[in-house]
Each structure stands twice: as structure tokens, then as C-alpha cells.
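Everything below concerns the one structure shown next.
Derivation of every value follows stated rules applied to the coordinates shown; laboratory data play no part. From a predicted model like this one, the values you see are computed outputs, not experimental measurements. Glycine gets a Cβ as well: all are built from the backbone with ideal geometry, and neighbour counts include every protein chain shown.
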Amino acid sequence: MPDTKVTTFDCALAQLDVDVLLLPVLRDADSASPWEVLDEAMGGRITDAIRSRPFTGKARSCLAVPLPASEGPGEILLVGLGKIDELTPARYRDTIAVATSTAVRRRGERLAIAARPDVFSAEEHAATATEAALLSQYRFDRYKKPADDVPQLTEVFVPAGDGVSEAIQRTQRICRSVAWARDLINLSPSDKRPPALADLVAEMAAEVGLRCHVIDEDGARELGMGALLAVAQGSSVGPRLVVLEHAPDEVAQETPIALVGKGVTFDTGGISIKPAAKMDEMKADMSGAAAVVATMRAIAELDLPRRVVALVPMAENMAGGDAYRPGDLVTAMNGKVIEVLNTDAEGRVILADALAYAVSEFSPRCIVDLATLTGACVVALGEDVAGVMGNDEDLSAALIAAGRRVAEPLWPLPMFDEYDELIESKVGDIKNTGGRWGGAITAAKFLENFVGDTPWAHLDIAGPAYRTKAKPLTPSGGAGFAVRLLVDWLRQHNGS
Ligand code: BES
Ligand code: MN
Ligand code: ZN
């Protein structure tokens, strides 16, 4: 993300010294009336443009209105919002994201985004416009610098108003964390093997003032984390379990909320090796970890008054000479013996130890884990929606509600008791695969064995974590999915 500044203005629109002024227009019923003063100053050009066809204010359509070279905006971009009764916050944000991208392509590096006080408050507008502008303009340029002539958004102006500065600051912090999660996911898997990824997280923790403790291979052995160690065996580098804690003084004694994120830095499948096609995308198999550590970064910067701990197991699932094998029996830290039937079902195996550790070390009030866990979840729900499973309906409902507010949708999959027998093992306690059908559910059933009676929700983000096709707020690549959802959920959490 370029370092885009977001600033407020309270001058007349005609006076704004920007390249492009975005004016949101409603479909059909609308006229230039919200922009009367500006229209007059511009010699009726807005009325003319709104009357002209084919611009009708249809959602996501844009029309550029050039202005004479003088003071004020270089041009106006009319932005169609669609019909007012169909205008949701999510559509508003997507529309502004699309318009921002259009404006930047037209060499608008300094943009103003006018508000519609008749539709959203100044505060809502500021948050939405900030989010849309920052997330839509995210670029990953670590390995390929942008060409010199590619325009970049440098400054966004939104109308001043009650709560606007706070909303801008909060949204900027959250969006920077989302961008950081995307960066981690987009990194070359050779640059984020477990020790390197743990270092990146520890660096961030030091910067924002989170407590950070990294358990390495020896530490994992001392703690009896046979499951995490087994998955890491095939790689020439050891696993890590990164523990982060956010505990502001006033809540330092409170029972923590625990977040757990799957950090498989690359998933070849191991001995049960994956096909070559699209295996490169398995660099995103640490998207759960990325979402969790980025959420921790955001809540530290926001000074969120909640105690939150994060447990992030990291391993590289390779097929080396010491790799764990189908048939191996491995003992997790809570003593349960896992029969490995498929080394490609590695995510649940490393999560077993992380969940058991979360319970024994912190006795958390609840656990939320995030993982790119199963292809089956993508088959069930598609690429845009994450599955939610667990043992506590209220917790799942609260997460679903947060997802709805920030347009990161979750959908529940059932945890039928009947499915428990699919993962029963004859030689150990539990098998790491449950056969062909209901794969997202049997994976969650496996995890349930490691949370005891702690209220727990599992988000299978295999679909939305990584985008092959860009969306208005998400360029292709790592999506940073669930950072905004988790921050929103934690902000609403009353600590009881
Ligand atoms: N990381 C994959 C799941 C995945 C698939 C994520 C596609 C994103 C896109 C996971 O480790 C895996 O390989 N799961 C197996 C489980 C099976 C062997 C029981 C799967 O889904 O095929
Ligand atoms: Mn796998
Ligand atoms: Zn995996």
C-alpha cells in the first residue's frame, strides 16, 4: 500500500485543490441538487452530465466531467450508487473502491470523496471512503517495482465532521494491518519459512508493544508437541509456535480471548504429495496465521481494552527424508494419539498442539481458530465465503454478525455427532482424515478433540484467503481475509 494520506476538508467543494473530485450520485431519482452550489460554480456542468445518457447513476458506473483549468478540482468523477433502497454499506464501499481505481487510472493522485449526508453520516462516510481507497489501492511490490509512470494514490480528502478524525485514524490502522497480512501471504515461501516468519512477527510485536514469546523446535519437544514436530520433520527447518499477548493494564487480570492461526508456510502435501498444478498457491497456507498476527497488530495500535492472546504454529510441510509418513502415530501435547493417514491433512495436526497449548497455558474464555484447512470447504461454500464450525452457537453467531458488518461472510456448517465415528482410529485415538465426504466438518471434528470444553469457533478460510481474481477491495493474491472481521468482533466484545 503506498503511503496514502487521508485528510479532512471543510472548504467548499469548488475550492478543493485535487486532481479528481468523486461525487456519489443516486440512480434515476437523483439530480444535481446535493451539489447545487458546486454545480453553479461550475457553470451547470454537473446538471448537464447527469442529464446526459448513458450515465444513469447505475451502481458502480462512473462518468468523468472535465473542468476548465482554473482553481479547484481538475475534474469531477460522477459515481453511480444505484437505487437508494438497494444501497448497503458494502455496496457503497465497493462502489467507492471501483471509482477510486478509475480515478487513479485517470492519473488522479490526489482525490476528494464527497459525502452524501442524506445517506450516510460523515463518520460512516469517512470510514468507508478510507477503507475503500486504501484497500483497493493495495499493491505488492517487493519483488517487482512498479513502472515509473504508474499513477499512485497519494492523498485522499473527505469532509470533516463529528467523529471523522477518529474514524479515519482507526480505519487507517486496521487497513495497514490488512495490508501487512496481505504482504505476508504474498511473500515468496522461501522468504517466510517458520524461523523467518516468526522473526517478522516478533519484529512487529516489538514495534507495537505486544508481548511476544517464540517457542522453537527444542521448546516444542520439551512441551511434548509431537504433532507440530511431526509435520515439520520433512523440512530442513524446524517449526515455531509464536505466542503474542495484548494485555493493557486495566484488563491485565481478565481471562483472555485466544486466537489461533494455521501457519503452514508452504504445503507440498508431504509424502501424500499434492499435484503440481497450483501448488504455488500453497504459499498462502499461512493465511490463518497472517490474519491472527495482523489482528494483534491492529488491536495493539487501537489500544483495545481486552486481553487477547494469539497462538501461531508455523511449519513447512515438505517431503524430505525425515518426513512424517502415512501410518505414523504421533502424540499431541494433550496426550491424544493421532493416526496420520494423509500427510496433506497437516493443518489440523499442527493446530492440535496449538489448541491444546492455548487451553493448558491460558484457560481462555473462548478460542477462535482460523485456517486454510480444507478444499472441501471451498467445494461446499465457494471462494468468497468462509465456513464456521464449533461448539458454541453464541460465539459463532457473534462472528457471523461481525463478518456481515464488514462484508467478510461466514456460513455455518453443522457439527453432527454422527460424524465423530468417521475419525475414530483403531490404533490411536483419532485419525487425521475422515474420508471423502464432509471434509470440512470432519476436519473441525478433529480439532474439537483439542479444545476441551472451552467455547470455540473454527473458521475455515481456504476459499477467501487467496484471490485468483481481483475484487473491488481486494487485488489478486493474499486477501488478508478476517482481519477486519476479528477486529470488529473484538471491538464489540464486552469482556464477559
Ligand atoms: N492447505 C490445504 C487446504 C487447501 C486447499 C487450502 C485448497 C486452500 C486451497 C490442506 O492442508 C489440505 O491439503 N487439505 C486436504 C485434506 C485432505 C487430505 C483430508 C484437502 O482439502 O484436500
Ligand atoms: Mn495439506
Ligand atoms: Zn495445508
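See the values below:
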{"read-out": "0 to 90° range, to nearest 10: angle between helix 287-301 axis and the chain longest Cα axis", "value": "60 degrees"}
{"read-out": "Distance cut-off 42 Å, percentage of C-alpha pairs in the chain lying past it", "value": "23 percent"}
{"read-out": "In degrees, nearest ten, helix 164-186 long axis to first principal axis of the chain (Cα)", "value": "50 degrees"}
{"read-out": "Computed log₁₀ I(q)/I(0) - Debye formula, equal Cα scatterers, no solvent, segment 95-144, q 0.13, 0.19, 0.20, 0.27 Å⁻¹", "value": "-0.35, -0.66, -0.71, -1.06"}
{"read-out": "Share of alpha-carbon pairs per 5 Å distance bin for segment 5-159, given as whole %", "value": "2, 9, 20, 23, 22, 14, 6, 3, 1, 0"}
{"read-out": "Percent antiparallel among DSSP beta bridges (both partners in the chain, rounded to 5)", "value": "40 percent"}
{"read-out": "Anchor residue 471: lysines whose Cα lies under 19 Å away (excluding residues fewer than 8 positions away in-chain)", "value": "58"}
{"read-out": "Angle in degrees between helix 347-362 and the longest Cα principal axis of the chain, rounded to the nearest 10", "value": "90 degrees"}
{"read-out": "Rel. contact order, % - alpha carbon contacts under 8 angstrom, at least six apart, segment 294-426", "value": "15 percent"}
{"read-out": "Translational diffusion of segment 345-478, µm² s⁻¹ [Kirkwood Rh, Cα pairs; Stokes-Einstein; 25 °C; 0.890 mPa s]", "value": "160 µm²/s"}
{"read-out": "Using a Förster distance of 35 Å, the FRET efficiency for residue 415-residue 274 (Cβ separation, nearest 0.05)", "value": "0.80"}
{"read-out": "Spatially proximal lysines relative to residue 445 (Cα-Cα < 30 Å; intrachain offsets below 8 disregarded)", "value": "192, 262, 274, 278, 283, 336, 426, 431"}
{"read-out": "Contact order relative to length of the chain, as percent, for alpha carbon pairs under 8 angstrom and 6 or more apart", "value": "14 percent"}
{"read-out": "GluC sites (Glu not before Pro) within segment 339-433: DSSP coil, no more than 15 neighbouring Cβ in 10 Å", "value": "383"}
{"read-out": "Principal axes of segment 45-97: Cα extent on each, largest first, Å", "value": "36, 22, 13"}
